[in-house]
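Down below is the structure, laid out as structure tokens.
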Amino acid sequence: MKQFTVRDLTFMAMMTALIAVCAWITIPMTIPFTMQTFGVFMALLVLGGMKGTISIALYILLGMAGVPVFSGFGAGMAVLAGPTGGYIVGFLFTGILYWVFTRQERKTKGKAALLAGGLAVCYLFGTVWFSIVMHGRGNPVGFFQAIGLCVAPYVLPDLLKLLLALQLSERLKKAGVIQ
């Protein structure tokens, strides 16, 4: 097993905190509009696949443990089991996909494509989760209706967050802050 340096652990903690702070920047909607995806993208771009995914997992674990790191200062298993919980869990799938495939990919365009693909997996998982939870609550929402409510309004803003994260991470690399 790889040993993490103090620098690695510090950056992982910083990225976990960034995701939490980004979750608190919220515009209430069916699925709250947050900056979480920006935090997830930054964690993966700054730390790489493995350490970035660990940061995402730490973020989720903190929320599960009751630390108010989710949107609207939410916390606990009830948030994860709720209609929006699938999107939070989906962030982990974004990280895993990025981790698995960036071992060979070093170019910015390839990383952007992997992050966009990971976002699509997050959307898919979250939307299925949303539909199942809403059905269980006696308010059936079909998959395509859920896409219209929970994905369509967020695609363009999330892609803009992806571009912002790419630009910022490239500047951090040029400045020598990250590798």
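Coordinate-derived values only; no laboratory data. For clarity, every value in this text was computed on a predicted model and none was experimentally measured. In this analysis, Cβ positions are derived from the backbone assuming ideal geometry, glycine residues included, and neighbour counts consider all displayed protein chains.
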> Rounded to the nearest 0.05, what FRET efficiency is calculated for residue 6 and residue 106 with R0 set to 41 Å and r the Cβ-Cβ distance?
Replying inline: 0.95
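Roughly how many debye, to the nearest 20, is the charge dipole of the range 6-174 about its Cα centre, given +1 on each Lys and Arg Cβ, -1 on each Asp and Glu Cβ, and no other charges? Write out the running numbers ahead of the final one.
Numbers: 12 positive and 4 negative charges, 115 e Å.
Around 540 debye, computed over the range 6-174.
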> Percent of alpha carbon pairs in the chain separated by more than 26 Å?
Replying inline: 27
> Which lysines have a Cα less than 19 Å from the Cα of residue 161, not counting those fewer than 8 places away in the same chain?
Replying inline: 107, 109, 111, 173
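Explain nothing, just the number: relative contact order of the chain, from Cα pairs under 8 Å at least 6 residues apart, as a whole percent. Spell out each step's value before the answer.
Working: 245 pairs, mean separation 38.1, N = 179.
Across the chain, relative contact order equals 21 percent.
Express in nm, to one decimal, how much length is gained between residue 124 and residue 25 on full extension, taking 0.36 nm for each residue of separation and deducting their alpha carbon distance.
So the chain would gain 33.3 nm between residue 124 and residue 25.
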>> If you fit an axis through the alpha-carbon atoms of helix 155-174 and take the longest principal axis of the Cα set of the chain, what angle between them do you get, 0 to 90°, nearest 10?
In response: 10
> How much length is gained on full extension from residue 14 to residue 144, taking 0.36 nm per residue of separation minus their Cα-Cα distance?
Replying inline: 43.1 nm
